[in-house]
1. Loop only per DSSP, at most 13 neighbouring Cβ atoms within 10 Å: give me the trypsin sites (Lys or Arg not before Pro) in region A:153-227, ordered by residue number.
2. Roughly how many Å² is the accessible area per residue of region B:208-370, as a whole number, for a 1.4 Å probe?
3. Report, in degrees rounded to the nearest 10, the 0 to 90 angle that the Cα long axis of helix A:56-70 makes with the longest principal axis of chain A.
4. Could you give the accessible area per residue of region B:423-476, probe 1.4 Å, as a whole number in Å²?
5. With +1 on the Cβ of every Lys and Arg and -1 on the Cβ of every Asp and Glu, and nothing else charged, how large is the dipole of region B:354-506 about its Cα centre, in debye rounded to the nearest 20?
6. Across peptide B:502-511, what mean number of C-beta atoms from other chains lies inside 10 Å of a residue's C-beta?
7. Round to the nearest 10 and report in Å² the accessible area of A:Phe261, as given by a 1.4 Å probe over the protein chains' heavy atoms.
8. Going toward the positive end of the dipole of chain A, with +1 on Lys and Arg Cβ and -1 on Asp and Glu Cβ, which of A:Val41, A:Leu539, A:Gly446 do you reach last?
Protein chains: 2
Amino acid sequence: MKDQGSLNLQFAQHLIDGLVIAGLKHAVISPGSRSSALTLVCERHKAIQTYVQIDERCAAFFALGLARENNQPVVVISTSGSAPGHWLPAIIEANHSGVPLILLSADRPPELLACGANQTIDQTHLFGNQVRHFYQLPLAEGTDKQKQYLNQLGQRVINESKLPLPGPVHLNIPFREPLLPEVDNFIYKNNSALSPVVNSYPLITLSEQQCEQLVQRLDAGKGVIVAGPDSHHPERAQAIIQLAHKLNVPVLADPLSGIRFGKHVTEHVLTHYDAFLRNRDFSIQQPEWMLRFGAMPVSKALGQYLQSCKHTHHILVDSYGRWRDPNHQLAELITCDVIQFCQQLLSYEFINTNSEWLDKFTQEEQATRLRASEACDESLLIQSLIKQLPDESLIFSSNSLAVRELDSFSACDTKPLSIIANRGASGIDGNISTLAGLAAARKKSGQKGKVVGLIGDLACYHDMNGLLAAGEQELIIIVINNGGGGIFYHLPQSSLTEFEQDWLTPHNLDFSKVASLYDIEFYRAETVDAFPELFEQALSKKSCQMIELIIDPEQSLQQHKKYWQTCTN
Amino acid sequence: MKDQGSLNLQFAQHLIDGLVIAGLKHAVISPGSRSSALTLVCERHKAIQTYVQIDERCAAFFALGLARENNQPVVVISTSGSAPGHWLPAIIEANHSGVPLILLSADRPPELLACGANQTIDQTHLFGNQVRHFYQLPLAEGTDKQKQYLNQLGQRVINESKLPLPGPVHLNIPFREPLLPEVDNFIYKNNSALSPVVNSYPLITLSEQQCEQLVQRLDAGKGVIVAGPDSHHPERAQAIIQLAHKLNVPVLADPLSGIRFGKHVTEHVLTHYDAFLRNRDFSIQQPEWMLRFGAMPVSKALGQYLQSCKHTHHILVDSYGRWRDPNHQLAELITCDVIQFCQQLLSYEFINTNSEWLDKFTQEEQATRLRASEACDESLLIQSLIKQLPDESLIFSSNSLAVRELDSFSACDTKPLSIIANRGASGIDGNISTLAGLAAARKKSGQKGKVVGLIGDLACYHDMNGLLAAGEQELIIIVINNGGGGIFYHLPQSSLTEFEQDWLTPHNLDFSKVASLYDIEFYRAETVDAFPELFEQALSKKSCQMIELIIDPEQSLQQHKKYWQTCTN
């Protein structure tokens, strides 16, 4: 019979062996005693890259960033008590944006629960229905039967974090003391006897009959493709554009759709719809059909346009069959892999397409693009960003204003760039940590290009603890400082007496001090004119850089209003 | 028919009227759009003091501090999406330490749920069984019937946050757009028609028969009273000490018991048991009975002593009947108000008490107190703290080492002081925010004395965002900087190769920069000798002050080991 510490280590190893054989490569660990066996096994496992983060809230968002970039599940480890509770915001985001996470919370053994033992809470189902699955694991027993169970469970939870809908899976793992063997003689041995379960992923396609019906529908009239936020695959972007060409229709491409930047970009890709759809003379025109991919787009004007298209046949294509339709106007929900969908349709002939409909859109796009180029400080910022970034760079955007400015002013280009955001729950939380996780993953995989965060000042403050990890990465954080929740200036609450105190909530932080605290090189652009040169300097560095751009929120609002007005006249 | 915005405001007012009539006085608000009606009503309600906090995690811990100090429920308000998710750690703490909180999460209306609308997640039962109750509220209807429902619900949830066991209650409240009326003409009108539900609180006492049986038991042999962490009431402390006198037994008083400091303190109060119970020659003596109040004590040595008392009759008195016994050795669980319990027993005669048993304990206590006074840097720090603080001051301690040092070295005194900690889940989280909430509550109530936080460097980093609110309070934060998770030096993990990276996790933050970022006056004590003078300076100020005390963790461990050794020889 082995001692308890050795049993704990062995138990952790059997589980983690299962995870690794199914593809695990990264683990984010927060310090603690109860989780020691899990930590030590991950640390000594050659296949796992570990990252240590003190604040569990940051750890989980960092893991989210890693998992998003790698498109692979990442393990997160914490000790018992309130520690795993800090994961909830990142779990909510992972759940809603479909990012695979494997959450391993260490726990006290059952006999210490609910009897006043220290750092002990009920950790079962701690995240309710925000996780895909929850498993309460047994204590270490050291039997062959348990080894087999753990090996297979590890593989199983990796699978469940990806299928049928990617997301977080929570395993709660009790450990009895002593937590580790008295003498440290644990060397990780490769478990060559372990063979992976062969896992056949489903290919979701259309039947011939479905295709023919669709072709008939799409060939019968004017249409619009709307590409909303989605994970980025050059192949999918290309497939959607090819379909748009074949149908001769515009693609209203969200900044997070993965379609605005890359070699596939043609005149079919439209990006200034948030402005030109505000023109009632134009938006009165409704397509006969609308084909949507991805989540609901960022643009409010586009959302309202969709809603106004009451006589349009609305089709949504989603790989996971998600009912993404807050307007409740869906006519068809097609559950199908998007590339498959496009490629199947591309093999048909469409005879009724004509250029007139498309031309109306492209003319508006071109006219608006000219007006947009000098519309406001933010448009200058974003153009400079897009222009100066090297190929293959990644822009991570915070929600609220940052992503809306990208929507309005990024335009599109054949230069390959990625723009992503945490658009699952669209919170202002966890942005710095997600950015750091993305940068760490790209560094590890040797990805070319730069990593840039476009972060509002409130979002930066909300996840300031994330700077501890961000400071160690090669990335550039652009803080758009408009003195608080600038987006509220765009809302009716801005006329209230209590506006500043309760909605705008200025924090008055000096970001040069924030940067200095974390040894991050700092630049301040008092006006947007100063930005390009500072950004050029930051781009030449290999460490973490922060550029603060000061924006006057009231002036910005006036500039935006003026711009929208010129688009509607 | 009123417009939607007015209906929303009216709805919020009816609910908050109910809360106020049942005693609500404080609301902590995080900025957001969906929660606008709740925010505006609280802001304009004369009976409610509002506090605005950007980071919802801090907001909830700040509310916990307010609620602890006032012993009254506090409202916390957030917008929809991942925002309320940040409350979970504070909710876990409130649940386990029995602190009443009323959580109001604004939500989108049902027709926008689960269909891809922005910032929308399933918020029902978001906190699982960590809250006492969950209510999903309806949409605003503007009927008299709904008004009555909301008025009573407000009163009801205040009651449920206090009885039968204080804790958090969650209300999820959907609002349709427009969220507020177009023209702001809302003035809060006092709802004089509303009459409070008369609420008779239960008085939990012992029957005569129960008393007689207990007297028989307690009078028959040597006993020990153990007073664990509990909320502080001078009356209760006094009642326990009077009982100890009558029974002529020692009280092993935890630093968080509320018994170590105050006019009630006599030689019956022992505080150095963590050291002298390590002496096997002494701890071999087992009492015939053990009477426990409050939670399990902080001291590990005391915990082990309790466990070793296998032939002792273990009695636990708990006002809420909580089964607080991780050693599984309980003979009697008495559900009774502690003051009632003591006072009822005090009316009986005890004839078999003698001083010999008590003397053994008091001799050990006195001898250890002498050794403790110069045991280590921490003992000097804590003696200085206790000596220099004015009467009625409050010390809030972080968990891990800080509270253990207080346990070992605070001793006791007739000077009235309070020492508290978040001992529900004993996390390293939320400490700065809880401290700020405590200070805000004491300021509001005009409480005398100073507020001091004794915070480890890791705990300070974990809740650094809390400094935004703490910086506005009159308080002193003492950061004990031992370069990371110093407590891990006391654990077996310290011998591992990966110890520093995975357990100690030094962050290398310069706390002078932390203080400067938040405009907090800063002092650094490179050695403990420098502390008293710096502390004196800080005590003379009316704003937020931070003193960093540098502790060499390895030297500290050696000092502690030596001290414990002298106590066991």
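1. Loop-located and lightly packed - A:Lys189.
2. Ligands and nucleic acids excluded, the result is 42 Å² per residue.
3. Around 60 degrees separate the two axes.
4. Ligands and nucleic acids excluded, the result is 23 Å² per residue.
5. So the magnitude is around 620 debye.
6. Taking all residues of B:502-511 together, the mean is 5.
7. Result for A:Phe261: roughly 10 Å² accessible.
8. So the residue we want is A:Val41.
The values are calculated or read from the model by the stated rules, or taken from the named source; none is laboratory data. All of these numbers come straight from a predicted model, not from anything done at the bench. Cβ: placed from backbone, ideal geometry, glycine included. Neighbour counts: every protein chain shown. All accessible areas refer to the heavy atoms of the entire protein, side chains included, with ligands and DNA or RNA removed. Shrake-Rupley method; radii C 1.70, N 1.55, O 1.52, S 1.80 Å.
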